[in-house]
Protein chains: 2
Amino acid sequence: MDSWVDGQPGDSLSIRDRGLAYGDGLFETFAVKGGQPVLLERHLQRLAEGCRRLGIAADPELVRRELLAYAAALGEGVLKLILTRGDGLRGYAASAQALPRRILQGSPLPTYPQAYQQQGIGLFPCTTRLAEQPLLAGLKHLNRLEQVLARAEWQDAEHAEGLMLDTHGRVIEGVFSNLFLVHRGELFTADLSRCGVAGVMRAQLLEEAKALAVPVNISDISLEQFRQADEVFLCNSVYGVWPVRAFADLSWSVGPLTRKLQGIARALLEV
Amino acid sequence: MDSWVDGQPGDSLSIRDRGLAYGDGLFETFAVKGGQPVLLERHLQRLAEGCRRLGIAADPELVRRELLAYAAALGEGVLKLILTRGDGLRGYAASAQALPRRILQGSPLPTYPQAYQQQGIGLFPCTTRLAEQPLLAGLKHLNRLEQVLARAEWQDAEHAEGLMLDTHGRVIEGVFSNLFLVHRGELFTADLSRCGVAGVMRAQLLEEAKALAVPVNISDISLEQFRQADEVFLCNSVYGVWPVRAFADLSWSVGPLTRKLQGIARALLEV
C-alpha cells in the first residue's frame, strides 16, 4: 500500500525535516488486524508521552484519524508511523510555527520461521551498550544509532535477536524487543527509567501477568540474575512473544509462564 | 541556492531513508569562502572517521567532488552536508546494497550581533545532560535530541549559547560549539571520548595553540575548574570564536589568548 505523508499519498519528504536533521521525532510500529491497529490506545499513549517530553505539538486527534483511516485501507500487516517536529531552518532551536509531520508506511506482516515461536530463538550477546539518558528513556524516538550498531554485530541466522546491556552492565532489552525473565514463579523486566524503549507489548503483558496473579518486578537486572532465570522471553507488538532458547553458553526450554503469555499475545495479534 | 540530493538539484528525499528512520548518518557544516569550503580536510577527516565507526560505505571521492562543486556554485555562505546510510526496508539491519545518500544545503552566513565577537556572549546553564556513549562520542551524527532539548531550555536573547555537562557533571561543550578555558596561561578543553562532538575548529585551534607554544590540556573539566578559569571561549567552524562574558553568577572579560585565537579563526573564516 502507498505511504502517506501528512495525510496524503506520498513517498518523499522535505530535506528540511528535523526528523532527518536531528532525529527530532518519534515512531510507532503497529500490527494491523482486520483493518484495526492492535493495542492502539497503548501506542497512542506512548506517543503522547513522547510528544509531551520532547515538546512536539502534534494534534492527537489528527494522528488518530489518519492512523485509523490508513489501517482500515491496509487491512492486515504492519503500519509504521513516524511523527517528526516538522521542517526547520538551520540550528537546533525549533520554530514555533513548525507543523509536526506524519508519515505512515504499510508493509506485509514479516514472515519469521515458526520455530521462533515454538522452540524459541538464539539471542546474540551484543557488545554495544545503551547509554543512560533519563530524558529520553522509555520513548520510541528517532535517535536509534545504538540499535543500528547493535544489529550490525551479527549476520548469522542462528540469532534472531540481540541482548543489550546498559553502560553499567545491567540487562535491559533486545535490539527491537523487550525482555522478560521468570524466576521462581515471578516475572521480571528491566526498569527503563535510564535507557531502553518501554514497549506496548511489555506494558500489555505486565497487565496480563498481574491479572493472572503472577508477581511482577520492574527492577534492575544483573547478568547474573539473567543467567539464573528459569524462563527467558522477548516480546514486541508485531511478533508477540519469542521464547529465548539459547544465549552464549546457556540454554532454556520453553517454560509454562512464557507459553501462557505467548498465547495471550497471539490472540491479540493473529488474524 | 537550490539544495542537491545525490548530486542532483532537489529538495526532497525518500521516506525510507535511514537518516530519517534512525538518525543513521552524519553531517558537517562548512563555512564557504571564495567558493571553497573552509577547513575542508578536517571536515572530511571527521566524516571519514564517522563513516568508519558507523560502517557507512560512502565514496570519499564522490563526497569531496560534490562538496567542491556545490561550494564553488555557492560562493559565500554556509554549506550543510547530510550523509545517510541510504534507504532501508523495515528493521535495524542495513542492506548491503544501500547506497549512502548525500544532501547538500546552502544558506547565507548567519548574522550574529557584532557584540558576540567583541564583548562576548552570555552562556546559559543547560540542565539537559549529555549521556556517555563512547561508541558515538566525537562524531557529528544525526542523533541530536540532546541538543534539541538543551536548545529549547532558553528563548531569551541574553544567551547566545548553552553549556552542557555530561551525566557525571563534567563540563563538556556548548549546544553547537566546543568550549575552551584558559587557566594560568594554559589552554583546556574537554576530553570527548565519552560524549560530545569533536569540532573541526576545536582541532584547528588546538594546533594553532601548540604552534604558539601554549600548553594544551585535553582532559576532564569539573564545574569548579570552569568557575576558576581566567578566560572562557566557545568556537565552531561557522562563527569562529566567541568569548564567554557571563555564566550564571560569573563574569569574565575577554582575555589575551582568546583574542589571539579569535583573530586566527577570523582570518580563516572572513571574506
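Bear in mind that the values in this text are calculations on the coordinates, not laboratory data. All of these numbers come straight from a predicted model, not from anything done at the bench. In this analysis, Cβ positions are derived from the backbone assuming ideal geometry, glycine residues included, and neighbour counts consider all displayed protein chains.
Between this copy and the others, label points of B:Gly185 are 7.5 nm apart in ascending order, each placed 7 angstrom from Cα in the Cβ direction.
Peptide A:19-32 is shielded by partner chain Cβ atoms: per residue, an average of 5 of them sit within 10 Å of its Cβ. Whole-Hz Karplus values for segment A:29-34 come out as 10, 9, 7, 10, 9, x Hz, taken residue by residue from phi with 6.51 cos²θ - 1.76 cosθ + 1.60 and θ = phi - 60°; glycine and proline positions read x. Remark: for residue pairs B:Lys80/B:Lys260; A:Lys210/A:Lys260; A:Lys80/A:Lys140; A:Lys33/A:Lys260; A:Lys33/A:Lys80; B:Lys33/B:Lys210, the C-alpha separation exceeds 23 Å in B:Lys80/B:Lys260; B:Lys33/B:Lys210. Each other copy places its own label point for A:Glu207 at 5.9 nm from this one, sorted shortest first, where the point lies 7 Å along the Cα-to-beta carbon line. For segment A:91-142, the square roots a ≥ b ≥ c of the C-alpha gyration tensor eigenvalues yield an a/c of 1.5 or more together with a/b not exceeding b/c, which makes the shape oblate.
Once you charge only the Cβ atoms, +1 for Lys and Arg and -1 for Asp and Glu, what is the size of the charge dipole of chain B about its Cα centre, to the nearest 20 debye?
420 debye
When the helices of chain B are scored as -39500 (n - 2.57) per DSSP H run of n ≥ 4 and the total is divided over every residue, the value at 222 nm lands at -8500 deg cm²/dmol. Shielding of peptide A:53-64 by partners, expressed as the average count of other chain Cβ atoms within 10 Å per residue Cβ, is 1.
With a Förster radius of 22 Å applied to the beta-carbon distance between A:Ala73 and B:Asp6, the computed FRET efficiency rounds to 0.10. Sorted from shortest to longest, the distances between the B:Leu250 label points of this copy and the other copies are 4.6 nm, with each point 7 Å from Cα along the line through the beta carbon. Since only A:Leu89, A:Val63, A:Ser3 are under comparison, the one whose Cα sits farthest along the positive direction of the charge dipole of the protein assembly as shown, derived from C-beta charges on Lys, Arg, Asp and Glu, is A:Ser3.
Residues of chain B were split at every exposed loop site, defined as GluC sites (Glu not before Pro) in a DSSP loop with at most 15 other C-beta atoms within 10 angstrom, and the longest piece left, sites excluded, is B:159-269.
When +1 charges are put on Lys and Arg Cβ atoms and -1 charges on Asp and Glu Cβ atoms, the dipole computed for segment A:114-269 relative to its Cα centre reaches about 360 debye.
Along the charge dipole of segment B:92-195, Cβ charges K/R +1 and D/E -1, which of B:Ile121, B:Ser177, B:Asn143 sits furthest on the positive end? In segment B:92-195, that residue is B:Asn143. When the square roots of the Cα gyration tensor eigenvalues are ordered a ≥ b ≥ c, the ratio a/c for segment A:16-169 is 1.5 or more and a/b does not exceed b/c, which makes its shape oblate. Subtracting the Cα-Cα distance of B:Glu270 and B:Leu135 from 0.36 nm times their residue separation leaves 45.1 nm of extension gain.
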